[in-house]
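What follows is a single structure, written as structure tokens, with notes after it.
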Amino acid sequence: MNNTEFGLTEEQKMIRESILPMLAEVMPSNKIRELDEAYEFPFEAYQALADGGWLGLPHEAEYGGADASWKDFTVFVETVAYHNAQLASAWLTTVMYGGMQVKHGGSEALKQEILPGLIKGDIRLALCITEPETGSDVSSIKTPAKEDGDHYIITGQKVYITCAHVADHLVVATKTDPGAGHKGITLFLVNAKSPGITIRPLKGLGRKMIHTNEVYFDAVKVPKSRILGGLNGGWKALMRGLNFERLSLAAAACGNMARIIDYAAQYAKDRTQFGEPISKFQAISHKFADMQIMAESSRSLLYRVADMLDAGENPTMHTSMLKVLACENNVRCADMGIQIMGGAGYMNDHEMQMYFRDSRVGPIGGGTSEIMRSVIAKQMGL
């Protein structure tokens with residue numbers, strides 16, 4: 001992995017040393033290409049992470065978790081994404097985006113039901129927020145949840161929902177008070193096999209293994225006991241997770257950048273033109289220098305933000321800056337990687353085209369770069 005270990009604890013160094021060989025064995029390059037081309041979820045590699053105890057990293061020991069720090073978490077996600085960014089996203093979707101809502105918002109009974117199975121790899125989750133007419137403006141979601149005795153009835157549609165096709169439960173953002181804006185949002189944990197749920201896969205440019213989906217709710221009945229974060233408490237619950245989501249996406253982008261640099265460098269050292277490796281030409285070596293600058297500057301801010309979170313700070317501006325920097329740099333690095341490899345980089349026989357396709361969603365998902373810049377400006381008092 002092309003980076004320095006300065007500032008990492010011995011335990012954090014061991015995360016890298018143990019995970020990368022294991023993933024190389026269970027999910028080698030040829031397997032990655034096969035799964036990507038077939039739109040198949042990486043079940044074997046995901047379970048290997050579960051068997052190693054890695055799905056419990058940010059969860060409490062009483063449920064089988066590790067109570068890890070945010071710096072530990074950051075190093076882990078970066079390392080998995082170095083091997084494959086899609087696998088990192090598969091982990092994040094269940095463990096973080098869905099799992100943290102259960103951790104912070106679920107009843108004790110619900111946590112006992114879900115978290116031990118999640119940590120073992122037996123239960124997968126997906127987070128359902130975006131709707132066909134609602135993306136960046138989360139407060140405007142319309143999917144209604146209407147009270148019906150001890151239950152709520154959900155009817156509506158969600159779109160671009162990552163990993164919904166392999167989820168056992170869905171964390172669903174609904175409107176329980178239609179006229180209250182963001183104060184009328186409630187989260188429910190919904191069994192994905194409930195009558196009335198239809199999940200339809202979407203075929204996107206990249207991230208084919210963990211592809212997005214349309215999810216339809218036709219009078220889906222959900223017990224009140226499966227509310228997360230309290231009635232009409234969904235906005236607060238979602239906002240609480242934003243700093244962690246941005247950190248997660250940036251960590252995955254940093255891991256992917258390191259992989260892109262190493263992959264392109266190996267090609268450039270082997271590829272000869274005019275009698276010598278193309279890595280010797282300044283036009284190529286300067287591209288690598290720029291890529292390394294982008295990767296290391298992103299990683300420096302990544303670790304600083306992780307330290308801020310571990311110190312109990314609420315670094316809203318910094319997590320927004322981090323997401324923009326890391327995700328946009330990841331796209332630039334992938335584009336430069338293709339350019340360095342030339343025609344080979346554009347071919348499906350090489351992984352570089354997959355790195356580019358997978359990176360491009362970074363400035364879109366989890367809050368667009370435009371929204372992040374608005375958040376930064378607001379935090380600056382502008």
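In units of 2.2 N^0.38 Å, what is the alpha-carbon radius of gyration of the chain? Mind dumping the intermediate values first?
Values: Rg = 20.9 Å, N = 382, 2.2 N^0.38 = 21.1 Å.
The value comes to 0.99.
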Open item on the list: Out of all Cα-Cα pairs in region 249-382, roughly what percent, to the nearest whole number, are more than 19 Å apart?
Closed with: 53
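Could you sort the peptides 372-378, 45-51 by per-residue average Cβ neighbour count (10 Å cutoff), highest mean leading? Working shown, then result.
Numbers: 372-378: 16.0, 45-51: 19.9.
The packing order, highest mean first, is 45-51, 372-378.
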- [ ] Please give the helix 29-38 orientation as an angle from the longest Cα principal axis of the chain, in degrees from 0 to 90, rounded to the nearest 10.
- [x] 50
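Suppose accessible area is computed on protein heavy atoms with a 1.4 Å probe; arrange Glu131, Glu370 from highest to lowest. If you can, show how the numbers build up before the last one.
Details: Glu131 15, Glu370 125 Å².
The residues order as Glu370, Glu131, largest area first.
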- [ ] Please sort 34-40, 305-311 by packing, taking for each peptide the average over its residues of neighbouring beta carbons within 10 angstrom, highest first.
- [x] 305-311, 34-40
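For the peptides 105-111, 25-31, 183-189, what is the packing order when you average, over each peptide's residues, the other Cβ atoms within 10 Å and list the highest mean first? Spell out each step's value before the answer.
Details: 105-111: 16.0, 25-31: 13.4, 183-189: 22.7.
Peptide ranking by packing, descending: 183-189, 105-111, 25-31.
Counting only protein heavy atoms and using a 1.4 Å probe, what share of the accessible area of the chain belongs to carbon plus sulfur, as a whole percent?
Working: 8490 of 16300 Å².
Result for the chain: 52 percent of the exposed heavy-atom area is carbon or sulfur.
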Open item on the list: With every protein chain kept in place and ligands, DNA and RNA left out, what is the accessible area per residue of the chain? Probe 1.4 Å, answer in Å².
Closed with: 43
Task: Where Leu205, Leu118, Leu242 fall by accessible area, highest first, once all protein chains stay in place (1.4 Å) - done: Leu205, Leu242, Leu118
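The values are calculated or read from the model by the stated rules, or taken from the named source; none is laboratory data. It should be emphasised that the depicted structure is a prediction, and the values quoted were computed from it without experimental measurement. In this analysis, Cβ positions are derived from the backbone assuming ideal geometry, glycine residues included, and neighbour counts consider all displayed protein chains. Heads up: the accessible areas ignore ligands, DNA and RNA and are worked out on the full protein's heavy atoms, side chains in. Shrake-Rupley method; radii C 1.70, N 1.55, O 1.52, S 1.80 Å.
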